[in-house]
Each structure stands twice: as C-alpha cells, then as structure tokens.
Amino acid sequence: MVDKRFFHVSAPIPITRLADEAKAEIVNNTGADHFENVAPLKQAGPKDVSFLDNKKYVNQFESTRAGACVVKSEMVKRAPRETTLLVTENPYLGYARIAQLFYPITNQLPKTSDRGSISQYAAIGANVSIDSGAIIQDRSEIANNCYIGANAVIGEGCLIGANTHIGANVSISHSIVGEHVTIFPGASIGQDGFGFAISPQGAVKVPQLGRVIIENDVEIGANTTIDRGSGPDTVIGAGTMIDNLVQIGHNVRIGERCVIVAQVGISGSTEIGNGVVIGGQAGFSGHIKIGNGVKVAAKSGVFRDVGAGSIVSGFPAKPQRQWLREQILIDQMTTKNVKTS
C-alpha cells in the first residue's frame with residue numbers, strides 16, 4: 001500500500017473524471033461517486049481503484065474488493081458484482097493516467113540552501129529549488145520551476161529547461177537539457193567519451209568536443225551515464241525513457257519515445273530510430289543503425305544494422321523466430337545426447 005509518509009494523495013476524485021482521464025467507459029456502475037486512492041487488486045478496498053492488464057492475475061481480479069477497476073472489455077464478465085469497471089483496451093495506460101490524478105507531480109517550494117554554491121554568473125529562473133551541496137557553475141542557466149538535488153553539479157555553460165527535476169549527486173557537463181526532463185540520482189551526463197587513437201607508445205586521447213542534447217520529456221534513470229560527442233553531439237530524443245545503469249557512448253543518437261531497460265550498453269556512433277524498445281543487458285557495437293519500431297530482446301548482442309519493425313534476439317542478434325527455432329533444436333539435441341549417454 002501507499003505509505004503516506006512519502007506520498008500525498010489528491011482525493012476524492014469523481015468516477016466520471018477518472019473515466020475521462022483513462023478514456024474508458026463506465027460499466028457495471030455500483031453507485032460509488034468518488035474514489036480516494038489506487039491500490040493493487042489484492043489490497044484494494046471499496047474506495048480504491050485498481051487495474052487488470054495481465055491475465056496471470058485474473059483470480060485476484062475475480063476476488064478483489066476494489067471499488068473500481070480498469071480492465072479490457074473481455075474481462076467484464078469475470079468482474080465482482082461490487083466493482084465498478086472502467087473499460088478500455090489499454091488498462092495499464094488508463095491506470096497510469098488515473099494514478100497521476102491521485103498523485104500529481106507537484107513543484108517544490110522554491111528555496112536555495114545556504115550550503116550550496118551558485119556562481120554569480122549563473123542565471124537562475126523563478127520558483128527554482130536548490131538543495132544543500134549543489135554546485136551551479138559559471139554561465140549555466142536554470143529555467144523556471146526546476147529542482148536541483150543535493151550535491152548535484154551543473155557544469156559551466158549548461159542549459160537546463162523549465163520544469164526539469166535533477167536528483168541528488170547528478171553530474172551534468174557540456175549539455176543542453178530540455179523541459180520536463182527527470183534525471184534520477186547518480187546519473188553522469190556529458191563526460192568525456194571513450195575515444196582514443198593507438199600509437200606505438202600507447203593510446204592517445206582524442207578530445208571530445210561535442211555536447212549532449214536531451215530533448216523534452218525524457219527520463220534518465222539512476223547511475224546512468226551518457227557521454228558527450230567527440231565532434232557530433234550525443235542526442236536523446238523527446239519522450240525517451242532510460243532505466244538505471246545504462247551506458248550510452250559518444251555520438252549516439254537515440255530517437256523519440258524509445259524505452260531502454262537497465263544495464264544496456266550502446267557503443268559510440270550508433271543510431272537508434274523512434275519507438276525502439278531495448279531489453280535489459282542488451283549490447284550494441286558502434287556505428288550501426290537501428291530502424292524505427294525495432295524490439296531488441298534482453299541480453300541480445302547487436303553487431304549489425306537492424307531494419308525498421310524487426311524483433312531480434314540472441315548473441316549475435318538475429319530475427320527472433322530464427323533464434324527461437326535454433327534454441328529448440330539445441331535443446332532437442334542436448335536432451336537426446338543426455339538420454340543416450
């Protein structure tokens with residue numbers, strides 16, 4: 001359940017507003033006009049809204065005490081009699097919108113800690129909150145309604161767009177950050193890329209002279225690292241969601257609305273299209289192109305270009321159906337050898 005020490009709920013909310021926000025139809029209306037919170041199926045009570053998106057939890061849905069539930073139309077006949085239904089063909093999206101109504105992202109009260117360090121040559125907008133130990137260096141610009149967490153460092157000349165939230169211990173240099181961006185604690189953005197030339201005497205560092213450009217509405221997870229470009233910029237497209245512990249190399253260009261799961265590594269100069277989904281621990285060699293709408297399974301190793309709309313798996317990555325057939329054959333051969341040995 002939600003712990004009210006950490007989260008503050010906006011309630012009550014009328015059922016009609018919840019339906020409008022979820023773009024859902026009200027079915028089996030039990031007469032409840034308002035609801036007070038969201039909760040999982042097993043823990044929800046008569047004043048709570050829950051959801052069912054995965055058929056693994058149908059049994060929990062059938063026995064839930066939730067006052068309202070967001071479901072697909074095919075689940076209506078399995079609903080408890082006491083539960084009002086909000087019917088939509090994308091219950092998880094509907095629930096996300098409802099949950100944001102109950103738990104809106106609110107601006108912090110503006111404050112500047114006297115234990116921070118803000119350059120007299122930095123520009124700080126209105127309603128900006130800066131926590132203890134944060135450092136804002138020369139010529140940096142922080143737009144209105146931003147939050148800068150404890151011990152964060154905003155390097156010289158960086159631009160931070162309005163309504164951006166930067167967590168504790170984040171380090172940003174050589175970067176232009178858009179509006180409504182969220183960067184979770186420990187992320188490091190704009191550091192040197194891993195670029196060097198080999199000589200008989202050893203590696204010679206290549207100056208990394210590009211930037212990191214983060215477009216609007218991006219989320220960057222805790223302890224993720226994004227290197228600045230070597231000449232071209234490293235670019236993260238609008239609406240892209242990046243999980244914790246992701247490494248993005250120099251000159252990488254990531255399109256809009258991508259989803260990148262934890263522990264992914266993307267080598268330099270890789271180009272990733274719009275709407276790409278990358279599973280955890282997948283790795284990409286450099287200088288390759290990934291088309292729009294590609295899906296990359298977890299732990300895949302991608303070494304060559306992937307065409308738009310493809311689904312790839314394995315190491316090295318290949319069309320998923322081919323990889324699955326190979327795994328079945330290998331399993332059959334292994335089982336046969338075990339039986340005959």
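Any read-out appearing in this document is the output of simple, stated calculations on the displayed coordinates, not a laboratory observation. Everything numeric in this text was worked out from a predicted model, so none of it was measured. Neighbour counts are summed over all protein chains in view; Cβ atoms, including those assigned to glycine, are modelled from backbone coordinates with ideal geometry.
Worth pointing out:
- As a ratio to 2.2 N^0.38 Å, the alpha-carbon radius of gyration for the stretch 13-102 is 0.90.
- Within the chain, percent of DSSP bridges classed antiparallel, to nearest 5: 15
- Cα centre as origin, Lys/Arg/Asp/Glu Cβ charges: the chain dipole, Debye: 1240
- Entry for the chain at q = 0.15 Å⁻¹: log10 I(q)/I(0) = -1.19, Debye formula applied to identical alpha-carbon scatterers, no solvent contribution.
- Sorted peptide list for 64-77, 116-129, 90-103, criterion being average Cβ within 10 angstrom, highest first: 64-77, 90-103, 116-129
- Label-to-label distance, nm, for residues given as GLU141 and GLU271 (7 Å Cα→Cβ offset): 2.9
- Förster radius 56 Å - calculated FRET efficiency between ASP3 and THR334 (Cβ-Cβ, nearest 0.05): 0.70
- Estimated [θ] at 222 nm from DSSP helical runs (n ≥ 4, -39500 (n - 2.57)) normalised by residues in the chain, nearest 500: -4500 deg cm²/dmol
- Highest-first arrangement of 285-292, 198-205, 80-87, where packing means the average Cβ count within 10 Å: 80-87, 285-292, 198-205
- The spacing between the stretch 53-87 and the stretch 166-223, judged by their C-alpha centroids, is 45 Å.
- Counted charge near VAL261, where neighbours are those whose Cβ lies closer than 13 Å (Asp, Glu -1; Lys, Arg +1): 0
- Each Lys or Arg adds one and each Asp or Glu subtracts one; over the other residues with Cβ under 12 Å from the Cβ of PRO14, this totals -3.
- Too-long pairs where the Cα-Cα distance tops 32 Å, listed order kept, from LYS4/LYS295; LYS4/LYS72; LYS289/LYS336; LYS55/LYS299; LYS47/LYS77: LYS4/LYS295; LYS289/LYS336
- Around the Cα centre of the stretch 227-341, unit charges on the Cβ atoms of Lys, Arg, Asp and Glu (plus for the first two, minus for the last two) sum to a dipole of about 460 debye.
- Local net charge near ARG211, Cβ-Cβ under 15 Å (Lys/Arg +1, Asp/Glu -1): -3
- Lys/Arg +1, Asp/Glu -1 at C-beta; the stretch 11-50 dipole; positive extreme among ASN28, VAL49, PRO12: VAL49
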